[in-house]
Amino acid sequence: MHGFAYRNGSLFCEDVDLQSLADEHGTPLYVYSANTFRDHYRRLDAALAGVDHEVAYAVKANSNLSVLRLLAGEGAGFDIVSAGELFRVIQAGGDPAKCTFAGVGKTREEIEYALKQGIYSFNVESEAELRFLDQVAGDLGVTAPAAVRVNPNVDAKTHKYISTGKSENKFGVDFEAIAELYDRAAAELPNITLRGLQMHIGSQLTSITPFVEAVEKVAPLATALKEKHGIEFWSIGGGIGIIYQDALAAGSVDWWDAQSEQDRPLTLTRYGKELVPRLKDLGLKILLEPGRAIAGNAGVLLTRCLYEKQGSAKTFKIVDAGMGDLIRPALYEGHHEIIPVKEPGEERRAVDVVGPICESGDFFCQDRELPDFQPGEVIALMSAGAYGFVMASNYNSRPFPAEILVDGDKATVVRKRQTFDDLIAGE
Ligand code: LLP
């Protein structure tokens, strides 16, 4: 389910007409649905109801303060990957004691800041980092709560740039080596409290199989670490995939909860049904770190068509958003459904939708059969709520778009469009 649908021939976000938002605030424009964020958070929470758990939203997916505030209000914890993300969570009213801090390259400044704020756990990715964490905590005269990330060497079967759980990826500590690392830490690092175990095998997983494989492989390790070192939590990471291909249609059906025995789509019901029985008797608190599953289908990027160009080989629709606003197609060959805001007829044409940036990789689709739309019309790039705005850049000196949060019939600007002065501030 999500909050985007055609009503009387025009695309709406909840009770707000997207054409009017584009006319009032200009394009490119990110628009989010508050009730979709809430709904996805609650469904995830419910899917794990059979086990002691906490949903720690992966802030990197969409870190707008208003989004974080909304999720903090739902009771979410937060998985952060930088001091900047922790700062955002705190500014949004989130509780540092519900934050886990992931990432392979934490600096002294970041560790000190997080220690002072009292986060729940550092999710450590190497022995060197664990030793450094011990040293920094010692310098401050405190102990640091830590979990080590295990790399289970499981194939997540997703795009190679977002696969993290194989031995060749830079993430985590090898499965075979990790038990001894806990032993060494307990013996040699007086300023570390071993609080948990963490894993995350990749993002945009559309099959339950790799999750089951990883949980089954790592569960005995989690149990052993609990018995020997008294760990209290196991974070099984994020990675639940969403629907990109038919994103609009997915909004009106309850696919997220369907009793699907198929792997595609991977529904939350199936996720809970397969994982809860494997987790509930471990006596550990289970943490989830979903980003995309909460934010992905909760946002769209609106862009206006500027020109049509008929080349000898192709038809190009040139729009006012580019890879600087949404980089997923260029970086991961990501598919975002493209639909006109004015509900189209049946006719389809094969076109490339491209941006204004001086790069051949600046496209949103190539040779895709799309409903026809004309220069001046606004189109929506669906499923842009996760890894959209957060990955934006000012390349070609293009200001960041504005962001709007819709809640029912209310639309709020939650981030202003950058001005030219913003662009050069600090230079
Ligand atoms: N936990 C850890 C340790 C992570 O590294 C990630 C994502 C998550 C949780 C959240 O994963 P999710 O539930 O969102 O799949 N920019 C890419 C995705 C990068 C994911 C990085 N890590 C994209 O646009 O597809």
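The values are calculated or read from the model by the stated rules, or taken from the named source; none is laboratory data. Here the structure is a predicted model, which means the values were calculated and not measured. Please note: Cβ atoms are built from the backbone with ideal geometry, for glycine as well, and neighbour counts cover all protein chains shown. Each accessible area value is taken on the protein alone, full model and side chains, heavy atoms only, with ligands, DNA and RNA left out. Shrake-Rupley method; radii C 1.70, N 1.55, O 1.52, S 1.80 Å.
If you scan region 78-107, which residues turn out to be buried (at least 23 other Cβ atoms within 10 Å of the Cβ) and of a type in the set (G, A, S)?
Passing the criteria: G94, A102.
Return yes or no: is D409 more than 30 Å from D39 (Cα to Cα) and of a type outside the set (G, A, S)?
When the stated conditions are applied, D409 does not pass them.
Does A350 meet the test of being open to solvent by less than 40 Å² (accessible area, probe 1.4 Å) and modelled with pLDDT of 95 or more?
In short, no.
Under 23 Å from the mean Cα position of the chain (by Cα) and part of a strand (DSSP E or B): does that describe G196?
yes
Given the conditions (1) more than 23 Å from the chain's Cα centre (by Cα); (2) within 16 Å of the ligand (Cβ to nearest atom); (3) open to solvent by less than 20 Å² (accessible area, probe 1.4 Å), report the number of the one that V124 does not fulfil.
Failed condition: (1).
What number of residues within region 283-316 are open to solvent by 30 Å² or more (accessible area, probe 1.4 Å) and either assigned to a loop (DSSP other than H, G, I, E, B) or free of Cβ contacts under 8 Å to residues at least 60 places away in the same chain (or both)?
Total meeting the criteria: 7.
Whether any residue in region 146-168 is of a type in the set (A, V, I, L, M, F, W, C) and without any contact (Cβ under 8 Å) to a residue 60 or more places away in the chain is what I want to check.
yes
Out of curiosity, is I286 assigned by TED's automatic domain parsing to the domain that holds D246, under 24 Å from L205 (Cα atoms) and within 16 Å of the ligand (Cβ to nearest atom)?
Criteria met by I286.
Which condition does S252 not pass, out of (1) within 12 Å of the ligand (Cβ to nearest atom); (2) at pLDDT below 95; (3) in contact with a strand residue (DSSP E or B) (Cβ under 9 Å, 6 or more places away or on another chain), if it passes all the others?
So the condition that S252 fails would be (1).
Can you tell me how many residues within region 399-427 are assigned to a loop (DSSP other than H, G, I, E, B) and open to solvent by less than 50 Å² (accessible area, probe 1.4 Å)?
Final tally of qualifying residues: 5.
Would you be able to say whether some residue in region 33-42 is of a type in the set (S, T, N, Q), away from the ligand (no atom under 16 Å from the Cβ), under 29 Å from P340 (Cα atoms) and in a strand (DSSP E or B)?
Checked region 33-42: at least one residue is of a type in the set (S, T, N, Q), away from the ligand (no atom under 16 Å from the Cβ), under 29 Å from P340 (Cα atoms) and in a strand (DSSP E or B).
If a residue has to be open to solvent by 20 Å² or more (accessible area, probe 1.4 Å), part of a helix (DSSP H, G or I) and at pLDDT 95 or above to count, how many in region 135-174 make the cut?
4
Being more than 15 Å from the ligand (Cβ to nearest atom) and among the aromatic types (F, W, Y) is the requirement here; does Y332 meet it?
no
Say we look at region 217-249 and pick out the residues that are assigned to a helix (DSSP H, G or I) and within 16 Å of the ligand (Cβ to nearest atom); which of these is nearest to H40 (Cα to Cα)?
For region 217-249, the residue satisfying everything is A247.
Of (1) more than 13 Å from the ligand (Cβ to nearest atom); (2) within 20 Å of A386 (Cα to Cα); (3) modelled with pLDDT of 95 or more, H200 satisfies all except one. Which?
(1)
Report those strands (runs of 3 or more DSSP E) wholly inside region 320-397 carrying at least 2 residues which are more than 27 Å from M1 (Cα to Cα).
348-354, 363-371
P344: of a type outside the set (S, T, N, Q), under 13 Å from K317 (Cα atoms) and either more than 16 Å from the ligand (Cβ to nearest atom) or free of Cβ contacts under 8 Å to residues at least 24 places away in the same chain (or both), yes or no?
No; evaluated as a whole, the condition is false for this residue.
Quick one: in region 135-176, which of the residues that are closer than 19 Å to C99 by Cα and not aliphatic (A, V, I, L, M) is nearest to the ligand (Cβ to nearest atom)?
Checking each candidate, the answer is R149.
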